[in-house]
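Beneath this line is the structure, given in structure tokens, with notes to follow.
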Amino acid sequence: MSKVSKVWINYIKETLKNNISIVYREIEVKEGTINIIFDSASCDRVHVSDFIISPILNSNKHINNLETAKKEIIEAASIIDLDCKEDTINHILSGDIIIIFDFLNKAISCDSSCFANRSIEIPPTESVIKGPRAGFNEALADSISLIRKRIKDPNLKFESFNIGEKSNTKVILSYIEGNCPTQLIDYVKKKIKNVTTDYLIYINNIEEELKCKNTPFDTIGYTEKPDNIAIKLAEGRIAILVDGTPFVCYAPYFFIESFRTTDNYTTNKFMANIGSILRWGSFLLSVLAPGLYIALFTHHFNLVPYVFIFRVSASRAGVPFTMVIEVIIMIVFFQILREAGVRLPQPIGPTLSIVGALILGESAVQSGLTSHATVLIVAFTSIASFLVPAISTAIFIWNMLILILSSLLGLPGFYIGFILLCSHLAGLTSCGYPYLYPLGTFKDFKYKDIILTGELDKVNQYIFIEEDDK
Amino acid sequence: MRKLIIILSLTLVLTGCFNYRDVNRVVFVTAVFIDIDENNNPILYTEAYKSVALSGEAAGGDSRILLKGTGDTIFEASRHLNDTSGLKLNYTQNKAIIFSEKASKYGLNEFIDVFFRDQELLARQFLYTTNIDLEELMKIELQEEMFLGIYLSDLTENKPAQTRQPLIRIDEYFITRKLGSKIVPISFIEKKEGVIMPRITTHKLAIFNEDKFINVLDYDESFYYTLLIDKLTIGYTTVPHPNIKDALITLEIANTNLSQDIKYDGNTIYYTKKVKLQTTIAEVQKTFNISYLKDQKALEKSAEENIKKNLIDLYEKYKEQDIDIYNLQKDIDIKYPNADIDSDNIFDSVNFSIEVDVSVQGSTDVIDFY
């Protein structure tokens with residue numbers, strides 16, 4: 001064994017010691033020894049045998065130089081020359097095979113990665129009535145393939161970064177050159193490079209870097225559906241894919257998008273628009289209803305018809321808590337139920353929700369801890385917030401804030417809460433773009449489906465580029 | 001954050017004190033009754049709603065509370081009411097302010113100020129007066145409604161029952177009591193005679209002059225009065241059959257249009273009320289053929305004469321008592337504020353006439369639908 005080869009192999013062995021899956025294989029050819037090193041857990045072993053080892057052993061050609069081996073013997077799709085021993089580690093851990101030619105003092109890396117992956121499945125978080133059902137999985141290659149399948153545009157770019165000092169996680173930045181503003185691309189690249197973590201496992205590290213701080217609203221969008229990402233890319237946005245995460249995030253993300261679903265564009269538009277109106281109504285209801293309820297029934301009896309006043313008063317007779325405490329208890333109670341429904345295994349979760357809602361709710365009323373009216377308001381509010389899952393966290397936090405302000409100040413508190421919410425939303429940005437855009441501007445925004453969807457061919461796809469620029 | 005604190009602090013200052021009150025920790029007044037004692041001091045009664053917890057039931061029940069308080073003023077009496085109530089009385093749901101006949105004759109201006117001045121009492125309360133003893137009135141048990149205030153409120157929204165009563169809310173009263181001859185009609189509560197269960201009705205009007213009760217219009221007078229002051233929304237009038245003696249025809253009023261023509265020649269005011277009624281035939285005794293134009297015109301003429309006669313009779317009846325029942329003074333003041341007429345003796349300067357135009361437009365069996 002040559003001195004160089006020995007140094008390289010010793011370096012690899014030292015660095016990757018105590019790794020059961022690392023395979024060291026020596027092959028003797030006429031010219032000398034060839035060392036093959038790979039990670040059996042991340043490589044396709046059949047591929048290694050059939051297309052790397054077997055051609056070398058069965059070849060009649062003399063391996064006088066590296067080019068002969070690369071061009072005439074090894075049947076791998078991708079071969080990279082390695083110049084320094086440090087590079088080998090990353091290649092091995094990425095599923096590549098390292099071939100060290102002892103007699104040539106050279107080493108190459110061949111792509112043979114085969115990580116365990118989930119197949120393409122229906123995304124559980126974004127079900128659609130009519131429309132594509134495929135969802136991303138954790139494999140970057142599959143995700144890129146799913147996007148490329150929908151956009152066969154040479155301007156569609158996939159730029160790669162490695163983030164995470166130790167995890168070396170591959171992050172892909174995707175955009176369509178010409179549709180996506182260059183300042184947006186530069187901004188996102190700069191932000192991604194700012195991510196300093198040793199191990200990048202989830203996409204949230206990147207989201208955190210890009211999104212507005214100190215707000216429960218998500219100012220970065222995410223989706224599991226490649227068709228959604230294809231639309232966003234076509235509109236001129238930028239998508240970020242992280243190896244090992246089935247969610248792809250995109251920016252900029254606007255508030256009004258929280259109320260859109262794929263069905264807005266794929267189902268009967270009248271029904272889709274009714275759905276949109278319901279989602280907007282549900283958002284307002286879920287944010288404002290508890291606060292308004294408290295303000296009216298604790299401060300402003302004169303604004304409520306006597307029938308409601310008397311019914312609520314009778315309903316609350318005997319309840320030991322003040323109304324605001326009662327509402328907060330019930331909201332927390334529903335949040336506990338929701339959390340339990342999410343955490344429990346799939347078959348038990350829905351059962352628990354039904355049991356919780358029906359039996360525990362009724363029991364709470366029967367035991368005199370709460371009133372029917374409060375249960376109804378809180379239940380309706382909670383269910384309404386599920387219509388807009390993208391901002392359900394923000395809804396919860398803001399309805400609590402408005403609730404507390406309303407309990408302290410009555411309707412003035414309620415109005416202040418609502419104005420604070422509007423000003424908070426107006427102050428948010430998503431990668432430099434106003435989060436509320438196009439709401440609050442008189443500019444002729446290129447979205448033609450701000451709240452309702454009209455003719456699809458009139459919905460402009462390029463939202464950042466002026467018509468004249470195209 | 002600093003801005004938020006400033007906004008919250010300002011709001012606290014602007015909204016006054018902390019006013020949180022649980023809805024079940026309040027007694028809601030539904031009706032206020034006002035009487036006077038032998039020294040003319042007010043006696044205040046309230047009928048109120050209070051929710052009560054029922055053992056073994058998820059929801060509570062309703063209870064009716066009657067309270068009585070006295071004092072030198074209504075405000076003082078209302079404070080004394082609270083002495084006997086476990087929870088604070090809240091007047092936001094008050095529907096009716098009912099004056100006894102005695103208190104009405106003494107003068108509403110002695111009692112009514114606090115109801116308009118206090119912000120908790122709303123402008124949408126209706127005023128009533130009654131000849132029934134107030135304690136007896138409060139004890140009447142109505143089958144369909146536990147609370148008299150709410151029953152009266154419902155009654156005001158029951159259109160057919162309104163045909164002979166104008167709805168005078170407290171805000172309206174405060175305006176009209178100062179206008180023209182200061183005549184204001186208020187609904188009059190009385191016991192319904194000849195019924196199986198004790199009932200009350202408000203189909204008559206009590207006339208107030210300068211806040212003092214002067215007289216009650218009877219059932220028909222109330223109708224014609226309501227018609228002439230343009231408060232009639234729906235109603236009916238029964239007229240003699242134009243062709244058959246002793247038979248009657250009832251006309252249902254579909255629409256009314258009232259206008260007045262006021263002219264002043266320097267000495268006399270010529271005041272003409274023009275009443276237009278669109279009616280349909282609601283009921284005919286014997287027979288009547290509307291297709292005959294001659295018969296239709298005869299019917300219209302008969303109705304016009306009947307209505308005109310009643311309106312004039314009412315005017316003349318009160319003219320003899322020197323009461324400007326239709327408050328002509330108000331319209332004259334508006335049109336001729338500088339007219340040289342004696343407002344204390346308006347009848348010497350006013351030539352009043354009424355024109356009635358009735359059109360019969362068909363029959364209820366064609367126009368109605370269900």
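Each value in this text was obtained by applying a stated rule to the coordinates, not by laboratory testing. Keep in mind that this is a model prediction, so the values were computed, not measured. In this analysis, Cβ positions are derived from the backbone assuming ideal geometry, glycine residues included, and neighbour counts consider all displayed protein chains.
In a reduced charge model with +1 at each Lys and Arg Cβ and -1 at each Asp and Glu Cβ, the protein assembly as shown shows a dipole moment near 2280 debye about its Cα centre. Here the average projected area of the convex hull drawn through the C-alpha atoms of chain B stands at 28.3 nm².
As an exercise, use a Förster radius of 51 Å and the Cβ-Cβ distance of A:C114 and A:D186 to find the FRET efficiency, rounded to the nearest 0.05. Computed FRET efficiency for A:C114 and A:D186 comes out at 0.90. Here the label points at B:K317 and A:T15, each 7 Å from Cα along the C-beta direction, are separated by 11.4 nm in the simple model.
Site pair B:E283 and B:L179 shows an inter-label distance of 3.5 nm when each label is modelled 7 Å from Cα along Cα→Cβ.
Estimated at 0.36 nm per residue, the fully extended path between B:D118 and B:N39 surpasses their Cα-Cα distance by 25.9 nm. Footprinting exposure proxy ranking of A:M271, A:M400, B:M197, fewest other C-beta atoms within 10 angstrom first, gives B:M197, A:M271, A:M400. Counted by neighbouring Cβ atoms within 10 Å, the residues B:Y219, A:Y222 run from fewest to most as B:Y219, A:Y222.
For A:Y202 and A:T125, the difference between the fully extended length at 0.36 nm per residue and the C-alpha to C-alpha distance is 26.0 nm.
Checking every one of the GluC sites (Glu not before Pro) in segment B:306-360 against DSSP loop status and a limit of 10 other Cβ atoms within 10 Å picks out B:E320. A Förster distance of 35 Å, applied to the separation of the beta-carbon atoms of B:E144 and B:S363, puts the FRET efficiency at 0.60. Dipole orientation for the protein assembly as shown: of the candidates A:T393, A:Y415, A:Y253, A:Y253 has the Cα lying most toward the positive pole (charges on Cβ; Lys, Arg +1; Asp, Glu -1).
The Rg/Rh ratio for chain A, using Cα coordinates for both the radius of gyration and the Kirkwood hydrodynamic radius, is 1.11. Binning the alpha carbon pair distances of the protein assembly as shown at 10 angstrom intervals from zero yields the distribution 2, 9, 13, 13, 13, 12, 11, 8, 6, 4, 3, 3, 2, 0, 0, expressed in whole percent.
Model label points for B:L87 and A:V4, set 7 angstrom from Cα along the Cα-to-Cβ axis, are 9.3 nm apart. Computed from the C-beta positions of B:I334 and A:I397 and an R0 of 56 Å, the FRET efficiency is 0.45 to the nearest 0.05.
Within segment A:189-228, list the trypsin sites (Lys or Arg not before Pro) lying in a DSSP loop whose Cβ has at most 11 other Cβ atoms in a 10 Å radius. Answer by residue number: A:K213.
Note on segment A:334-364 and segment A:49-83: Cα centroid distance 60 Å, given to the nearest whole angstrom. Going through the DSSP H helices of chain A, which span 27 Å or more along their own axis at the Cα atoms while scoring at least 0.5 as a mean Kyte-Doolittle hydropathy? TM-like helix candidates: A:269-298, A:323-343. Specify whether the C-alpha gyration tensor of segment B:231-370 places it in the rounded, prolate or oblate class, a ≥ b ≥ c being the square roots of the eigenvalues: rounded for a/c under 1.5, otherwise prolate if a/b is larger than b/c and oblate if not. It is prolate, given that a/c is not under 1.5 and a/b is the larger ratio. Within the straight-line cut-off of under 23 Å between alpha carbons, the lysines reachable from A:K157 are A:K149, A:K170, A:K189, A:K190, A:K191, A:K193, A:K211, A:K225, A:K232, A:K470, sequence neighbours fewer than 8 places apart in one chain being disregarded.
Across chain A, the relative contact order, built from alpha-carbon pairs under 8 Å that are at least six residues apart, equals 13 percent.
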